[in-house]
Amino acid sequence: MRRFGLAPQHLVGLRFAINVALATTIVWYGLRALDDRNPSWAIASMLAASDPQPAEARRMFRSRLINVAVGCASGLLFLAVGGSQDWILPLALAATVLVSSYVVRIKTMWRQAPITAAVVIAAAATNGSTAFGIAQGLRKVAEVAFGCLVGMVVSLIMSKVWLIQPSTEATSLDSWRNTVDPHDERSASAVPLRSARL
């Protein structure tokens, strides 16, 4: 691909664009087929869990899913105890932040916990129904889980189907640079000569 002027880092960006397009198509049409008219949470979760690096995609999937579960549990607990009252919201969000910060301790995507709690409680407060809030919360958690799963799986598949390795020139140059000790006079004297050859 070098003859087309595309370096490995450019190919990673191209692969990730295709990755996002495929995952978005799966999430959008999959949830629309299930009569979900606003799969925005699933799309956002899919994007958050997608990454060109499979290890990072798995980490984002785990972090987002755990924080969403914490937020949903907190929201449902406060709804069960206090009902769909407006004053429940600030207390629930503060408690969720404390749990996320000091108990769960997953820094990545930690804001997702209070956001999810707010969605659950606000749904109940605006509709005056605790049952509606609980149903809405569980539905949002399902959307997030589906979006995260699709984002991670598509990222993993794309990394296997379209394997991108760094060029041999860049690899050899990096390995040579790692062997040069700037404090060694012999290595330092060899730098200009080696660089000239490259």
I'm told Phe16 meets every condition in (1) modelled with pLDDT of 80 or more; (2) in a loop (DSSP other than H, G, I, E, B) except one. Can you identify the failing condition by its number?
(2)
Wholly enclosed helices (runs of 4 or more DSSP H) of the stretch 122-198 bearing at least 2 residues more than 32 Å from the chain's Cα centre (by Cα) and at pLDDT below 50:
168-179, 185-197
Taking the residues in the stretch 55-98 that are of a type in the set (S, T, N, Q) and in a helix (DSSP H, G or I) as candidates, determine which candidate is surrounded by the fewest Cβ atoms within 10 Å (Cβ to Cβ).
Ser63
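The values are calculated or read from the model by the stated rules, or taken from the named source; none is laboratory data. Values in this document were obtained by computation on a predicted structure and should not be read as measured data. For neighbour counting, all protein chains shown are included, and Cβ atoms are generated from backbone atoms with ideal geometry for every residue, glycine included.
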